[in-house]
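Below is one structure, written out as structure tokens; comments come after it.
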Amino acid sequence: MNKKKEKLSLEKKHNLTGWAFLLPAAILIFVFCFYPMLQAIILSFSKKGTGGASTFAGLANYSRILKDKTFQQCLFNTVFYFIIQVPVMLILALCLAQLLNNPKIKGKGIFRTLIFLPCATSLVSYSMIFKSLFATDGLVNNVISAIGLTPVDWFQNAWAARFVIIIALVWRWTGYNMVFYLAGLQNIDYSVYEASYIDGATPFQQFTKITIPLLKPTILLTAIMSTSGTLQLFDESVNLTAGGPGKSTMTLAHYIYNISFVETPKFNYAAALSVFILISVAVLSAIQMKVGDKRD
């Protein structure tokens, strides 16, 4: 009986110790994440009244979203980046991880570092590099002219500017996702591939029948992170194209920043837009979890 009591007290002590370590982090997460989120939701249902006091506005800010032409343009841009960039980036990252996981390739460490390096580059620095590359007299147009094609005015054409952002995003984040896939691939015993090779499986069959099924949890994780990151895209829109030409490349996050800090501040409406992004990320993540996670 005494031993049982000692065991229970020891478990209780361990639980309390665990909570003692978790509590500071939990408090910080609540204060800096959940509390501002809650405040933004409350703010989205109010409007600035006379004397600067906030009054309840119901769904007025949300109904305004449906009539906002700039919001519709920014939503189109953000969805376009998401549809094109995320699949291309994840497929490319998966192919590179598969290639660099091959034990027969020499110098894998150098290649892995070089592909991952863009992720560690300063956002402002790499935006300046891409602006110079795609400038009217930049390297890209010089190469296009050299092969006999007409140079493109990348930052004055809406579709061209959108594709510059997509190219920049793929260049920056492919290596980041590749690292996740490499980690997953290194947990797959290479003897599985050797056994399938003996059974006559081609490299493509190995990729589709072994690699992809065993990497499903990792693919799901990177898809959710990429979805969240793209819907909140801000830096490339601000630093690379400044939302131009006009507002043809502006993202939702960039628009929220503008109506909060660049134009006359409209924090209530900005909060409503932020809640819209939050709900969009949550819904898309839930759909991806439902579709991608087939565990019972």
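The values are calculated or read from the model by the stated rules, or taken from the named source; none is laboratory data. Quick caveat: nothing in here was measured; it's all calculated off a predicted structure. Cβ sites come from the backbone with ideal geometry, for glycine too, and all protein chains shown count toward neighbours. Ligands, DNA and RNA are stripped out before the accessible areas are found, and what is left, the full protein with its side chains, is counted by its heavy atoms. Shrake-Rupley method; radii C 1.70, N 1.55, O 1.52, S 1.80 Å.
For this structure, a couple of remarks:
- The combined condition, being touching a residue at least 12 places away in the same chain (Cβ under 8 Å), more than 23 Å from the chain's Cα centre (by Cα) and closer than 27 Å to residue 225 by Cβ, is not fulfilled by residue 98.
- Tally of residues being in a helix (DSSP H, G or I) and open to solvent by 60 Å² or more (accessible area, probe 1.4 Å) across segment 261-281: 6
- Qualifying residue in segment 109-124 (condition: over 30 Å from residue 183 (Cβ atoms), small (Gly, Ala, Ser) and open to solvent by less than 70 Å² (accessible area, probe 1.4 Å)): no
- Test result for residue 210, open to solvent by less than 50 Å² (accessible area, probe 1.4 Å), at pLDDT 90 or above and either touching a Pro at 6+ places or on another chain (Cβ under 9 Å) or assigned to a helix (DSSP H, G or I) (or both): no
- Taking every residue in segment 278-296 that is among the β-branched types (Val, Ile, Thr) and pairing it with any residue that is open to solvent by less than 50 Å² (accessible area, probe 1.4 Å) and modelled with pLDDT of 80 or more, at least 6 positions away or on another chain, the pairs with Cβ-Cβ distances below 7 Å are 281/227; 281/228; 281/231.
One line per residue, one yes/no per condition, for (1) of a type outside the set (Phe, Trp, Tyr); (2) modelled with pLDDT of 95 or more; (3) surrounded by 14 or more Cβ atoms within 10 Å (Cβ to Cβ):
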{"site": "35", "(1), (2), (3)": "no, no, no"}
{"site": "39", "(1), (2), (3)": "yes, no, no"}
{"site": "42", "(1), (2), (3)": "yes, no, no"}
{"site": "53", "(1), (2), (3)": "yes, no, no"}
{"site": "59", "(1), (2), (3)": "yes, no, no"}
{"site": "62", "(1), (2), (3)": "no, no, yes"}
{"site": "68", "(1), (2), (3)": "yes, no, yes"}
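- Matching residues in segment 225-257 - criterion: being part of a helix (DSSP H, G or I), open to solvent by 40 Å² or more (accessible area, probe 1.4 Å) and of a type in the set (A, V, I, L, M): 225, 238
- Among the candidates 174, 222, 150, the residue that is among the polar types (S, T, N, Q), part of a loop (DSSP other than H, G, I, E, B) and at pLDDT 90 or above is uniquely 150.
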